[in-house]
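The values are calculated or read from the model by the stated rules, or taken from the named source; none is laboratory data. Worth saying up front: this structure is predicted, and the values here are computed from it rather than measured. Every residue, glycine as well, gets a Cβ built from its backbone with ideal geometry; the counts of neighbours run over all protein chains shown. For accessibility, only protein heavy atoms count, side chains too; no ligands or nucleic acids. Shrake-Rupley method; radii C 1.70, N 1.55, O 1.52, S 1.80 Å.
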Amino acid sequence: EIARRRDMRGVLTFTIDPRDAKDFDDALSFRVLEDGNFEVGVHIADVSHYVQPGTILDDEAYQRATSVYLVDRVVPMLPEVLSNFACSLRSEEEKYTFSAIFELSPQAEVRNVWLGRTVIRSDARFAYEEAQAVIEAFDTPYMEVPSDFVMPEEISIRPEGSYTVSKEIVEAILSLNAMAEILREKRMRAGAISFDKLEVKFFLDENNNPLGVYTKESKEANKLIEEFMLLANRKVAEYASKLQKTFVYRIHDVPDEEKLLQMQGVISRFGYKLNLKDKKNISHSINHLLQEVHGKKEQNLVDTLAIRSMSKAAYSTHNIGHYGLAFADYTHFTSPIRRYPDVMVHRLLQLYLDAGASANEAEYEEKCKHSSQMENLATSAERDSIKYMQIKYMEAHKDQEFLGVISGVTEFGIYVEIIENKCEGMIRARDMKDDYYVFDEKAYALIGEVSKQRYTLGDEVMIRVKNTDLVKRYLDFELVN
């Protein structure tokens, strides 16, 4: 098998993944070419080598269509012997991969692209925090790098704590980060929308009970990986699009105008506005808004509203482009361990690299629809899992007072999101005994008939937990004072 593949085992290669990851879908290789350009390889686990069409393994993977990442467990698409071992790009093990290998100038201009099957051997495994520590230790990729950069002990994922990282890997990470920043800047100028939504995470005990809640923000190391995955996905889609043969695309339609108008109404309460007159500039206007709210108490609310105003991304054989990323051609090629559409993309890509005839469009469109439906189900399950854990966490903090922001107003009451842990609950209007409150739809407010006391979007309130229901997944708050 190795003889049939491009051998990349001698090239510096590493993975950067979440601290607790076990299924490593992707690795990056890096080397400096004689002319000063860089060869960057985006290497993806070759799942289609192991999962063959017509097998029970393939049927089951297709039915599941995606891995589901719940707070306390993963429900994998593939058996763990494949997802965590055979396919996973573990360090110091030889692995079969499907690769997009780029020749890039130091200004991140794509000079050449090669697509095909490879064999790699990853030299090192990094957590995002470790790669971030490398990036933050050096201001630019052109600083003199010592021969033994020491990873700080509190960041290291190794049992021995602090350890040294080779000069070659440090230089590779810094060069890749510099190019990723240029690629990101180009995307933003082209009208891509930058959603850096805070992720809610939990500290769990040995019985998977939540001990604490924290939020995770995307930093340079995350964006480095994201940019090279986006580049590989885009170039694979461009290759297939030019052939005009059946292919699986990741598509994203323009935003819903009505939802944008609703969002405009809400954000105007905070003094923000969107430019909806010029359709071309809507994405720039949304980006400007997301930058303005960054770090403010209403950030999570505005981020959520912006995401809801967007169309849902989906899989299709009919390529309409990807609005959110500002790409005319886009696909999912980089996560076949956890997404079935990526396995389909690998199979179709190999078929066309071998000059095969166009695949059956109706058959693949049906598979795309199924994959999109299963993805939506998984997203709902993941959301419910977070909500469940938040309620479980709040059960243990019933007597505590928390500062929250009003995140929604209805005739039944007000939704409040706790600032420190992003848990959202409802204060029911019938429980607000100090007055009779009337819902003002235009002002997004509950207003007291006698006192004229107003509770409106974005107001800060002190709350206490009143009731929790894990089965129905709701939190009832009460106002303090």
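For segment 299-335, the set of residues classified as surrounded by 18 or more Cβ atoms within 10 Å (Cβ to Cβ) and at pLDDT below 90 consists of N300, L301, V302, D303, L305, A306, S309, M310, listed by residue number.
Taking only pairs six or more apart or across chains, which ones have beta-carbon atoms under 6 Å, a first residue in segment 177-205 that is farther than 26 Å from V302 by Cβ and of a type in the set (G, A, S), and a second residue that is at pLDDT below 95 and open to solvent by less than 40 Å² (accessible area, probe 1.4 Å)? Filtered contacts from segment 177-205: A178/P141.
Taken over segment 12-50, residues that are part of a strand (DSSP E or B), open to solvent by less than 50 Å² (accessible area, probe 1.4 Å) and either of a type outside the set (A, V, I, L, M) or at pLDDT below 95 (or both) amount to 11.
The residues of segment 84-104 that are open to solvent by less than 10 Å² (accessible area, probe 1.4 Å) and small (G, A, S), listed by number, are S88, S99, A100.
When the strands (runs of 3 or more DSSP E) confined to segment 63-169 are screened for residues that are more than 27 Å from E199 (Cβ to Cβ) and of a type outside the set (D, E, K, R), those reaching at least 1 such residues are found at 94-104, 110-121, 148-151, 163-166.
Each residue in segment 52-109 was checked for being touching a residue at least 60 places away in the same chain (Cβ under 8 Å), over 17 Å from V343 (Cα atoms) and not basic (K, R), and 14 of them qualify. Within segment 182-205, is there a residue that is farther than 16 Å from V42 by Cα, open to solvent by less than 60 Å² (accessible area, probe 1.4 Å), touching a Lys or Arg at 6+ places or on another chain (Cβ under 6 Å) and of a type in the set (A, V, I, L, M)? Yes.
Scanning segment 125-136 finds one or more residues that are among the aliphatic types (A, V, I, L, M), open to solvent by less than 60 Å² (accessible area, probe 1.4 Å) and farther than 22 Å from L230 by Cα. What about E366, is it surrounded by fewer than 17 Cβ atoms within 10 Å (Cβ to Cβ), assigned to a helix (DSSP H, G or I) and free of Cβ contacts under 8 Å to residues at least 12 places away in the same chain? The answer is yes for E366.
Every condition in (1) open to solvent by 30 Å² or more (accessible area, probe 1.4 Å); (2) under 22 Å from G265 (Cα atoms) is met by V416 except one, and the failing one is (1). Please work out which residue is farthest from the chain's Cα centre (by Cα), limiting yourself to segment 314-340 and to residues that are of a type in the set (S, T, Y) and assigned to a loop (DSSP other than H, G, I, E, B). The extreme case among them is T317.
Would you confirm whether or not segment 105-117 contains a residue that is closer than 30 Å to M374 by Cα and open to solvent by less than 10 Å² (accessible area, probe 1.4 Å)? Yes, segment 105-117 contains a residue that is closer than 30 Å to M374 by Cα and open to solvent by less than 10 Å² (accessible area, probe 1.4 Å).
Within segment 288-298, if we keep just the residues that are touching a residue at least 24 places away in the same chain (Cβ under 8 Å) and in a loop (DSSP other than H, G, I, E, B), the residue that is surrounded by the fewest Cβ atoms within 10 Å (Cβ to Cβ) turns out to be H294. Taking R473, is it surrounded by 13 or more Cβ atoms within 10 Å (Cβ to Cβ), within 27 Å of the chain's Cα centre (by Cα), among the basic types (K, R) and over 19 Å from N300 (Cα atoms)? Criteria met by R473. Would a scan of segment 113-125 turn up a residue that is within 26 Å of the chain's Cα centre (by Cα) and modelled with pLDDT under 95? No; the residues of segment 113-125 include none that is within 26 Å of the chain's Cα centre (by Cα) and modelled with pLDDT under 95.
Could you list all residues from segment 51-79 that are buried (at least 18 other Cβ atoms within 10 Å of the Cβ) and among the aromatic types (F, W, Y)? If the condition is that a residue be buried (at least 18 other Cβ atoms within 10 Å of the Cβ) and among the aromatic types (F, W, Y), then Y62 is the only one that fits. Within segment 286-317, restricting attention to residues that are out of contact with any strand residue (DSSP E or B) (no Cβ under 8 Å at 6 or more places or on another chain) and of a type in the set (A, V, I, L, M, F, W, C), which residue is farthest from G271 (Cα to Cα)? Applying the filter and picking the extreme gives I307.
For the structure I just gave you, tell me whether I225 is more than 22 Å from S311 (Cβ to Cβ), open to solvent by less than 30 Å² (accessible area, probe 1.4 Å), in contact (Cβ under 8 Å) with a residue 60 or more places away in the chain and of a type in the set (A, V, I, L, M). Yes.
The condition (being over 34 Å from the mean Cα position of the chain (by Cα), closer than 21 Å to V302 by Cα and assigned to a strand (DSSP E or B)) is satisfied by just one residue among L403, L446: L446.
Output yes when any residue across segment 341-362 is over 15 Å from K245 (Cα atoms) and outside any helix (DSSP H, G or I), and no when none is.
Step one: list which residues in segment 341-362 are over 15 Å from K245 (Cα atoms), which gives 341-343.
Cutting the leftovers down to outside any helix (DSSP H, G or I) gives us none.
For segment 341-362, residues over 15 Å from K245 (Cα atoms) and outside any helix (DSSP H, G or I): absent.
Filtered by the rule that a residue be in contact with an Asp or Glu (Cβ under 7 Å, 6 or more places away or on another chain) and either at pLDDT below 95 or surrounded by fewer than 16 Cβ atoms within 10 Å (Cβ to Cβ) (or both), segment 448-463 gives G448, E449, V450, S451, Q453, G458, M462.
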